[in-house]
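Okay, so here's the structure we're looking at.
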Amino acid sequence: MNDMLTSPLPEFFKALSEPTRLRILRLLIDQPHCVCEMEEALGLPQPLLSRHLAFLRHAGLVEGRREGVRVQYRLRENDATLRTFLPALRRAFAAEEQSMPAPSNSDALLEASLGRFR
């Protein structure tokens, strides 16, 4: 039981237990993004997004790299726990996308607006 106190698993699953953090991970699973891109894509205010990113950083799931005035966030794929669960996360996100209705016009607008930051 004492091993669980030092294990990264509780923090990992705690990070995954919050829907907003899952949305952030889903966005970062394919490519890095800066906070301004995530704000627009997720429709979240910057302070809330920053709080969730800090939690994900503390849990070892994401890392930030400064590029000029922006910080690009990406998954820490070298983290052993994340690397173990990443294939399952990808499958879960893909299955969820397949069960969702066809994209609306607002989804196309969102994708177009993200293109401005790339």
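The values are calculated or read from the model by the stated rules, or taken from the named source; none is laboratory data. Everything numeric in this text was worked out from a predicted model, so none of it was measured. Note that each Cβ is placed from the backbone with ideal geometry, even for glycine, and that neighbours are counted across all protein chains shown.
Tabulated data
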{"read-out": "From R74, R65, R51, residue being at pLDDT 95 or above and part of a strand (DSSP E or B)", "value": "R74"}
{"read-out": "Qualifying residue in the range 54-63 (condition: closer than 23 Å to R90 by Cβ, free of Cβ contacts under 8 Å to residues at least 40 places away in the same chain and not aliphatic (A, V, I, L, M))", "value": "yes"}
{"read-out": "Residue ID - surrounded by the fewest Cβ atoms within 10 Å (Cβ to Cβ), chosen from residues in the range 31-48 that are of a type in the set (A, V, I, L, M, F, W, C) and not in a helix (DSSP H, G or I)", "value": "C34"}
{"read-out": "Residue satisfying all of: in the range 1-30; more than 22 Å from R65 (Cβ to Cβ), assigned to a loop (DSSP other than H, G, I, E, B) and modelled with pLDDT under 90; nearest to the chain's Cα centre (by Cα) among these", "value": "S7"}
{"read-out": "Members of the range 65-88 found to be among the aliphatic types (A, V, I, L, M) and under 14 Å from L53 (Cα atoms), listed by number", "value": "V71, L75"}
{"read-out": "Test result for A59, buried (at least 17 other Cβ atoms within 10 Å of the Cβ), modelled with pLDDT under 95 and over 11 Å from the mean Cα position of the chain (by Cα)", "value": "yes"}
{"read-out": "Filtered residue count, the range 82-97, keeping only those that are surrounded by 12 or more Cβ atoms within 10 Å (Cβ to Cβ) and closer than 20 Å to T20 by Cβ", "value": "7"}
